[in-house]
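Data block below; observations after.
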Amino acid sequence: MIRRLGERIIFIFYTLTLLGLLGGAGIYFVFSRDLPQLPDSLENINLSLPTEIYSADGERIKVRGQRYPVSLEDISPNFLKAIMAVEDSNFYEHSGLDHLALVRALYTNVSQRQIRQGGSTITQQLSKNLFFSFERNWVRKIKELLVALQLEATFSKEQILEAYCNQIYFGSGAYGIEEAAQVYFHKRAKKLTLLQAALLAGLPNSPNNANPFNNYERSTRRAEYVLERMVKEQFLSQEKKEEALDSLLELASPKENDDPNLYFVNFVIDRLEQNYGKEFVRFGGIKVFTTLDTRLQRSAQKAARSHLKTLERKIKPRNVNIPLQAALVAIENQSGAVRVMLGGGSYSHSQFNRAISDNRPSGSSFKPFVYLTAMEKLGYTPATTLRDEPILVDIPGTEPWEPKNFSDEYAGDIILKKAMMRSANSVSVKLIQEVTPRRVIKTARLFGITSQLGNHLSLALGTSGVSPLELASAYSMIANLGVYNKPYFIQRIEDFEGNPIYENFYHGIQRFPQKSIYPLLDMMRGVVDGGTGNIVRRMGFKHPAAGKTGTTNNSKDAWFNGFTKDFSVSVWVGYDDNEPMIVRSGRGLTGGGAAAPIWVLFMKKVLQGKNRVKFPVPEGIKFEKVDARSGTLPDEQSVETMNVALKEEVIIPPRVLELEKTQLGQASVNSTTTSELVDVVSNP
C-alpha cells in the first residue's frame, strides 16, 4: 500500500514536471516570435535613442532619457553594493528570476492587501527597457521574463549590472549613475561616499517622492533603510553603517532652470506617461511634436514678470516671503492648440503649475455662463432690463445671504449688456435664481469646464475653483461662435524610425447656434471697450477684443480672460497662500488692475504687425440702439443709449415716458461690484 502510494506520488511529480516543461516550451514558442532581438553588446541599450520633445516652431525643447554610460570600474563599489541590497540581493545567485523574492513579495502583498513589495530582479528591470510598446498586461510581463532569461544566458553578471546602473532613472532629469552623481553631489560616480551611494540607491524606487531636493527628510530616511538592507545582506557592518549616518551628505544645490517652457513640457510628459507608460516615454526614442510656441511662451513670461514687479512695489509689505504669482494660458481658437502655458512667475523658484490648477475661484469671469443660460432658457436678450439693487437671499438652515455690489452702489434698472459691463453682482444672482445653478452648471460643461462646480447660488459670482486652461478653452468657444475645440498639446508622435504612432486631427463641435453666442460676445466686447476691462483700451490695445474681468472676495484672486478672433488667453494673479492683494492705499487689486495688463502686454506681442481682424457677424443678427436703463427704443428723454446685438426676430418696444418717471431719483450709475474696482485699474 505504502509502496503503491509512493509510486503514485513519483508519477504525479514527473507528470507535473513534464507538463511544466512542455508548458514552458509552449509559452516560449508562442511569445518568442515577438521578442526583441538582443544586441551584440549591452552598451547599445545604454546608448538607445532618447525621447525628444519639439515645439510647434521646430525648437527641440526637451531631451528625456539621455544617458552618459560609464564602465563598472568607474562606479563606486559603495553604490553597487547598495543597489543590489535594496533591489536584488541575490543578483549573483539567480539566473534572471528570483523565486524566493517572488514568494516573499507575494506573501507581503497578500498579507497587507496591497502592493507593497515587488519581486523583479535587476535583470528583469533591465529587460523592461527593451519593450517600447503600449502593452501593460500579463503578456508583457511574460515577455519581460523571457528576455531576462535570455540576458542571463547571453551576458555576464557584470555586463548586466553595468547596463542597469547606466540606464535607471534617479529623478531631477538624471539617467544613469554618472549623471545622478553629478546632479546631486557634483562628483564622479566612482567618488561617491557610502551615505551618498545609499541615498542614490534609494531613488530609483521613488525618484520623485524621495528626491532630496524636494523632500530631504524622506530621502535621508530612505538612505538609512538602504544602509540597513546592506547590513542585513552582509554587504556592510553595523559599525560602517553608523559611521555613514554620522558623515556629511554634502548635497549639492539644485541646478536652477528658469526655462518657462518646462511648465508645458512637464505637463505633456505627465500625460504621455499616463497614456503610454513611463518606460516608453523615457526610453522609447520617440519624437513628440507639441503645440507650444516658444516665442510666445517667452513673451508671456516677460509680460507676467514685468507687471508682477510693478504690483509688488504697490502692495503692502507682508510678513512672509511669498512672491506674487501669475499664470497664463493661450489657445489658438481655430484649432484648440495650446500655444502658451505659463504656470508661474519663475520655474526655478516654483515648479507648481498654476495654469492647470483648478483650486482658485474665478470670480466674475464665470458670469458669461450665467448670462448665456438666462438668454437660452428664458429668452432674455442683451436689452432685457433687470433691477440692480440690494438683495437678500434666504438660505435654509443658515443666515440669509446678502450679495453686494462694490461700495454698496447700485444702478437701478439696467439692461443686461450694461450689467455685464459693470459686472453687477446682484443682477448675476437674480439670473441664477431664475434659471437655477444646475442649469448653469450644464451650460459650463458644454463650454468644457470639467472642475467640480458647487450647486448653489453663489456660483453666479464664481465661487467654484477652475483653471486658467479651462477658462481659456471656454472663452475660445465664445470667440468661435459656439464651436468647441477640445484643447490639445501634442500634434504628432513618431517612433525612433520616424513612423507616426499618433497624430491629432481636430474637429470642432457646434454646441450653440452662432446667433445665440454672438450677443454674448458683443456684451463681452462692451466689457473691454467701456466696462471693467477698459484698461485694455487705455493701454493702447487696438485690435477687436472681448473678455471678462474677475476678482474674488478680499482680492485674493484676480483674473482677466479675453479673446480676439484668433487667440483666447486666460490670466490669473494671486498668492499661493490665498492672502489678499492689498495696495498701500488699503484698496484691493482687481482683475482689471492686476491681470488685464499682463494680457495686454502679451497680446501686443502676439499680434504685433498683424492686421486688425473683426469678429464675424453671423446671419440672423441685427444691431439696435436702446435705452441703457429701459431696454426700449431711445427718445429725447434717454440719458444713456447703447448698441446691442440681437437676434433678428427680437422686437424692441418704444420707450414709455411713465416708466421713465418712476425711475427718477434712483441709484447712481457709477457703480462697480465686489468683484471689480475700475478706479484701481489706473492707480492700483
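The values are calculated or read from the model by the stated rules, or taken from the named source; none is laboratory data. Values in this document were obtained by computation on a predicted structure and should not be read as measured data. Heads up, the Cβs are rebuilt from the backbone with ideal geometry, glycines too, and the neighbour counts pull from every protein chain shown.
So here's what we get for this one:
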{"read-out": "The range 467-495, residues that are under 13 Å from F289 (Cα atoms) and either more than 23 Å from the chain's Cα centre (by Cα) or at pLDDT below 95 (or both)", "value": "E494, D495"}
{"read-out": "Residues of the range 279-322 that turn out to be assigned to a loop (DSSP other than H, G, I, E, B), in contact with a strand residue (DSSP E or B) (Cβ under 8 Å, 6 or more places away or on another chain) and closer than 20 Å to S346 by Cα, as a count", "value": "2"}
{"read-out": "Tabulated pairs, the range 221-241, first loosely packed, with under 14 Cβ neighbours inside 10 Å, second part of a helix (DSSP H, G or I), C-beta under 6 angstrom, 6+ apart or interchain", "value": "Q238/V231"}
{"read-out": "Selection from the range 594-611 of residues that are in a loop (DSSP other than H, G, I, E, B) and among the aliphatic types (A, V, I, L, M)", "value": "L607"}
{"read-out": "Filtered residue count, the range 517-539, keeping only those that are free of Cβ contacts under 8 Å to residues at least 24 places away in the same chain and among the basic types (K, R)", "value": "1"}
{"read-out": "Search result, residues across the range 615-636 that are in a loop (DSSP other than H, G, I, E, B) and among the charged types (D, E, K, R)", "value": "E619, R629, D635, E636"}
{"read-out": "Qualifying residue in the range 199-219 (condition: touching a residue at least 60 places away in the same chain (Cβ under 8 Å), surrounded by fewer than 24 Cβ atoms within 10 Å (Cβ to Cβ) and either part of a helix (DSSP H, G or I) or not assigned by TED's automatic domain parsing to the domain that holds L80 (or both))", "value": "no"}
{"read-out": "Of residues in the range 637-653 being aliphatic (A, V, I, L, M) and either assigned to a loop (DSSP other than H, G, I, E, B) or out of contact with any Asp or Glu (no Cβ under 7 Å at 6 or more places or on another chain) (or both), the one nearest to S516 (Cα to Cα)", "value": "V650"}
{"read-out": "Counted residues, the range 522-546 - those being buried (at least 18 other Cβ atoms within 10 Å of the Cβ) and at positive phi", "value": "0"}
{"read-out": "Qualifying residue in the range 251-273 (condition: in contact (Cβ under 8 Å) with a residue 12 or more places away in the chain, closer than 21 Å to V86 by Cβ and part of a loop (DSSP other than H, G, I, E, B))", "value": "yes"}
{"read-out": "Complete set of residues in the range 146-186 that are within 28 Å of A198 (Cα to Cα), over 33 Å from the mean Cα position of the chain (by Cα) and assigned to a helix (DSSP H, G or I)", "value": "A148, L151, E152, K157, E158, Q159, I160, L161, E162, A163"}
{"read-out": "Helices (runs of 4 or more DSSP H) within the range 1-87 that include 2 or more residues out of contact with any Pro (no Cβ under 9 Å at 6 or more places or on another chain) and either at pLDDT 50 or above or surrounded by 10 or more Cβ atoms within 10 Å (Cβ to Cβ) (or both)", "value": "2-32, 77-87"}
{"read-out": "Residue match in the range 347-364 (condition: part of a helix (DSSP H, G or I) and touching a strand residue (DSSP E or B) at 6+ places or on another chain (Cβ under 6 Å))", "value": "yes"}
{"read-out": "Every residue from the range 596-611 that is under 17 Å from Q301 (Cβ atoms) and in contact with a His (Cβ under 6 Å, 6 or more places away or on another chain)", "value": "P597, I598"}
{"read-out": "Residues satisfying the stated conditions in the range 503-512, i.e. surrounded by fewer than 16 Cβ atoms within 10 Å (Cβ to Cβ) and free of Cβ contacts under 8 Å to residues at least 60 places away in the same chain", "value": "E503, F505, H507, I509, Q510"}
{"read-out": "Failed condition for K418, given (1) farther than 20 Å from T632 by Cα; (2) basic (K, R); (3) touching a strand residue (DSSP E or B) at 6+ places or on another chain (Cβ under 7 Å)", "value": "(1)"}
{"read-out": "Criterion (touching a Pro at 6+ places or on another chain (Cβ under 9 Å), aliphatic (A, V, I, L, M) and buried (at least 24 other Cβ atoms within 10 Å of the Cβ)) met by exactly one of V583, V571, V613", "value": "V571"}
{"read-out": "Close pairs (6 angstrom Cβ cut-off, 6 or more residues apart or separate chains): closer than 18 Å to L457 by Cα and outside the structural domain of E624 (by TED's automatic domain parsing) in the range 365-391, surrounded by 20 or more Cβ atoms within 10 Å (Cβ to Cβ) and among the polar types (S, T, N, Q) anywhere", "value": "none"}
{"read-out": "Which numbered condition F352 fails, given (1) closer than 21 Å to W559 by Cβ; (2) in contact (Cβ under 8 Å) with a residue 40 or more places away in the chain; (3) surrounded by 16 or more Cβ atoms within 10 Å (Cβ to Cβ)", "value": "(3)"}
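Quick grid of which residues meet (1) in the same structural domain as G336 (by TED's automatic domain parsing); (2) out of contact with any His (no Cβ under 8 Å at 6 or more places or on another chain); (3) assigned to a loop (DSSP other than H, G, I, E, B):
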residue	(1), (2), (3)
K542	yes, yes, yes
N554	yes, yes, no
N561	yes, yes, no
W572	yes, yes, no
G592	yes, yes, no
V613	yes, no, yes
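Residues are listed down the side, and each one gets a yes or a no for (1) buried (at least 19 other Cβ atoms within 10 Å of the Cβ); (2) modelled with pLDDT of 90 or more; (3) outside the structural domain of K278 (by TED's automatic domain parsing):
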residue: N90; (1), (2), (3): no, yes, no
residue: G96; (1), (2), (3): yes, no, no
residue: H99; (1), (2), (3): no, no, no
residue: R104; (1), (2), (3): no, no, no
residue: Q114; (1), (2), (3): no, no, no
residue: I122; (1), (2), (3): yes, yes, no
residue: F132; (1), (2), (3): yes, no, no
residue: R136; (1), (2), (3): no, no, no
residue: A163; (1), (2), (3): yes, yes, no
